[in-house]
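This report refers to the structure that appears directly beneath it.
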Amino acid sequence: MDAFRAIACGVCFLVAATSGAVEAAPDDEAYALYRAGAYEAAAKRAVAAGGTDNLVLAARALNAAGYFDEDRKGARRLAGRALDHAEAALEADPDNVEAHLQAGISLALRGANMAPVRAFFLGLPGRARRHIDRALALDPDNPWAWSTSAAWRLETARRGGGSVYGADPEEGFREFMKARALEPDNIAIAYECALRLLASGRPEWRPAALEALAAAMEGRPQTAFDAGVQARARLLSEAVAVGPDAEAAFLDAQP
């Protein structure tokens, strides 16, 4: 069972236990399309199928597409559509952990693909933080929530918003270590940890970053998203091997 199915099952259990309403699992066809990397098709099918979990799946599919979109404008549009679906899911189920995560990710993804001043003016970091905090409050052992929180802290600080939003890089480092401990073989979490720690430029974090990068390359992909992230991990590893200038160029090109 991958992380999305595990989270979805956990959310279904909580809904059933608290309200007596049983939430349907994500549509099988939409989920298969997501796993295969057909993100637009997955989102379309999920929305057509209806229901909270399918809206969350649509948000996740569009965030995945935005993550890989090298056109910043296109990535922002995909993130905006993902946010619409995540917010619609939260209207139906305000305590849906995955919906809060996808809302936070979509806001962070949108902000990462625009000028920092504009992102701060729109309040995107603060809005993303509220969703991440809610996800962590609902599910304190969720590795995706810890990883997302860590990336938010490190990137917000790196982009100049540390004092404004209280983004402490040291806390972000600890959160990445917690996420890695919870799921040491998770390719996406390992890559994000490596990427954000290297981008921070902190020499004391470099060994942990390189260890995470190795884990990202050694993992066994479960989905097309995993495979795509692993391909990026290999490119980052190649840049690191070439030298500081190549590494810096790779890091600078990432949102």
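The values are calculated or read from the model by the stated rules, or taken from the named source; none is laboratory data. The model shown is predicted, which means the values in this text are computed figures rather than measured ones. Backbone-built Cβ (ideal geometry, glycine too); neighbour counts: all protein chains shown. Please note that ligands, DNA and RNA were not included when accessible areas were found on the heavy atoms of the full protein model with its side chains. Shrake-Rupley method; radii C 1.70, N 1.55, O 1.52, S 1.80 Å.
Restricting attention to region 50-65, and to residues there that are among the small types (Gly, Ala, Ser) and open to solvent by 10 Å² or more (accessible area, probe 1.4 Å), which single residue is nearest to Glu40 (Cα to Cα)? Per the stated criteria, the residue is Ala65. Among the residues of region 68-100, the ones that are in contact (Cβ under 8 Å) with a residue 60 or more places away in the chain and assigned to a helix (DSSP H, G or I) come to 5 in all. Can we say Ala233 is without any contact (Cβ under 8 Å) to a residue 40 or more places away in the chain and either touching a Cys at 6+ places or on another chain (Cβ under 9 Å) or part of a helix (DSSP H, G or I) (or both)? Answer is no for this residue. Residues in region 111-131 that are assigned to a helix (DSSP H, G or I), open to solvent by less than 60 Å² (accessible area, probe 1.4 Å) and not basic (Lys, Arg): Gly111, Ala112, Pro116, Ala119, Phe120, Leu124, Pro125, Gly126, Ala128, His131. Selection of region 217-238 for residues being of a type in the set (A, V, I, L, M, F, W, C) and more than 23 Å from the chain's Cα centre (by Cα) yields an empty set. Looking at Glu204, Glu211, Glu238, Glu175, just one residue is open to solvent by less than 20 Å² (accessible area, probe 1.4 Å) and either in a helix (DSSP H, G or I) or not polar (S, T, N, Q) (or both), and that residue is Glu175. Take Arg158 and tell me if it is outside the structural domain of Glu40 (by the TED database) and touching a residue at least 12 places away in the same chain (Cβ under 8 Å). Answer is yes for this residue.
Checking each residue in region 1-46 for being within 20 Å of Glu91 (Cα to Cα), surrounded by fewer than 19 Cβ atoms within 10 Å (Cβ to Cβ) and at pLDDT 50 or above picks out Ala24, Ala25, Lys44.
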